[in-house]
Amino acid sequence: KQEVTQIPAALSVPEGENLVLNCSFTDSAIYNLQWFRQDPGKGLTSLLLIQSSQREQTSGRLNASLDKSSGRSTLYIAASQPGDSATYLCAVRHSRDDKIIFGKGTRLHILP
Amino acid sequence: DTEVTQTPKHLVMGMTNKKSLKCEQHMGHRAMYWYKQKAKKPPELMFVYSYEKLSINESVPSRFSPECPNSSLLNLHLHALQPEDSALYLCASTPTLTSFIQYFGAGTRLSVL
């Protein structure tokens, strides 16, 4: 059974710092991995999608990497801003049954 | 238009009521999803429709009844819910079932009294 783990569960960093969020999964049979952002009480906003054949994707200050063989992905946020404060979720689409499994998220707080 | 629209935004219902949640997208996506999210927990997949046919049902209780009347619309019919069903219900869509970015709606906040 696919399990997705995100470390750390919560993170507070001063504004301007670069930071890395981690996501690991137990079964490498995935179609893709997606990073989302969720503000309290709101829906999810897709940040980056990495296909299983890709190594990384970049969008603005965000860079996501994927190492499928080791079951790991990282989300790198450069020059963090208070507006980046949110919960960041990763999700994998399992290629055996098409199901999407979410990690529990990392609650990020950027200190002004 | 890259929006997934969910209505209502908030819903309060009693345990004997019947209500429906609605999700709509006009991006031509043929896969649509219902998720349930409890506070401070990740979304949990409930149902997936692909080409208007139920593709995945994650053993959801029968008091939740999904319906996909056409390619743009997804409903979730609610009947005889329990207080523990109170949660944020999220709808999402993708062009087809695999390998595409999921677009999420803002959700319906459901409270069962």
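Kindly provide the set of residues from segment A:82-92 that are closer than 16 Å to A:Ala64 by Cα and not hydroxyl-bearing (Ser, Thr, Tyr), ordered by number. Correct list: A:Asp84, A:Leu89, A:Cys90, A:Ala91, A:Val92.
So that you can scan it fast, the table gives a plain yes or no per residue for (1) more than 27 Å from B:Thr5 (Cα to Cα); (2) at pLDDT 95 or above; (3) assigned to a strand (DSSP E or B); (4) of a type in the set (Phe, Trp, Tyr):
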| residue | (1), (2), (3), (4) |
| --- | --- |
| A:Gln6 | yes, yes, yes, no |
| A:Asp27 | yes, no, no, no |
| A:Asn32 | no, no, yes, no |
| A:Ser80 | yes, yes, no, no |
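In segment A:56-94, the residue that is most open to solvent (accessible area, probe 1.4 Å) out of those that are in contact (Cβ under 8 Å) with a residue 60 or more places away in the chain, more than 25 Å from B:Thr96 (Cα to Cα) and of a type in the set (Gly, Ala, Ser) is A:Ala79. So, B:Leu54, is that one under 25 Å from A:His94 (Cβ atoms) and either of a type in the set (Ser, Thr, Tyr) or in contact with a strand residue (DSSP E or B) (Cβ under 8 Å, 6 or more places away or on another chain) (or both) or not? Considered against the rule, which asks whether it is under 25 Å from A:His94 (Cβ atoms) and either of a type in the set (Ser, Thr, Tyr) or in contact with a strand residue (DSSP E or B) (Cβ under 8 Å, 6 or more places away or on another chain) (or both), B:Leu54 comes out as yes. Once segment A:95-112 is narrowed to residues that are at the interface with chain B (Cβ under 10 Å from one of its Cβ atoms) and surrounded by fewer than 20 Cβ atoms within 10 Å (Cβ to Cβ), the residue that is farthest from the chain's Cα centre (by Cα) is A:Asp97. For chain B, the strands (runs of 3 or more DSSP E) that sit wholly inside it and include 2 or more residues that are of a type in the set (Phe, Trp, Tyr), within 30 Å of A:Leu48 (Cβ to Cβ) and open to solvent by less than 60 Å² (accessible area, probe 1.4 Å) are B:31-37, B:44-50. Can you confirm whether segment B:92-111 contains a residue that is at pLDDT below 90 and at positive phi? Yes, that holds for at least one residue. When the residues of segment A:29-55 are filtered to those that are open to solvent by less than 20 Å² (accessible area, probe 1.4 Å) and without any contact (Cβ under 8 Å) to a residue 40 or more places away in the chain, the one that is nearest to the other protein chains (Cβ to nearest Cβ) is A:Gly43.
Taken residue by residue, segment A:55-62 has at least one member that is at pLDDT 95 or above and within 29 Å of B:Ala39 (Cα to Cα).
The values are calculated or read from the model by the stated rules, or taken from the named source; none is laboratory data. Keep in mind that what you see is a predicted model, and the values were worked out from it rather than measured. Neighbour counts run over all protein chains shown; Cβ positions are idealised from the backbone, glycine included. Protein only, heavy atoms only, side chains kept; ligands, DNA and RNA dropped before computing areas. Shrake-Rupley method; radii C 1.70, N 1.55, O 1.52, S 1.80 Å.
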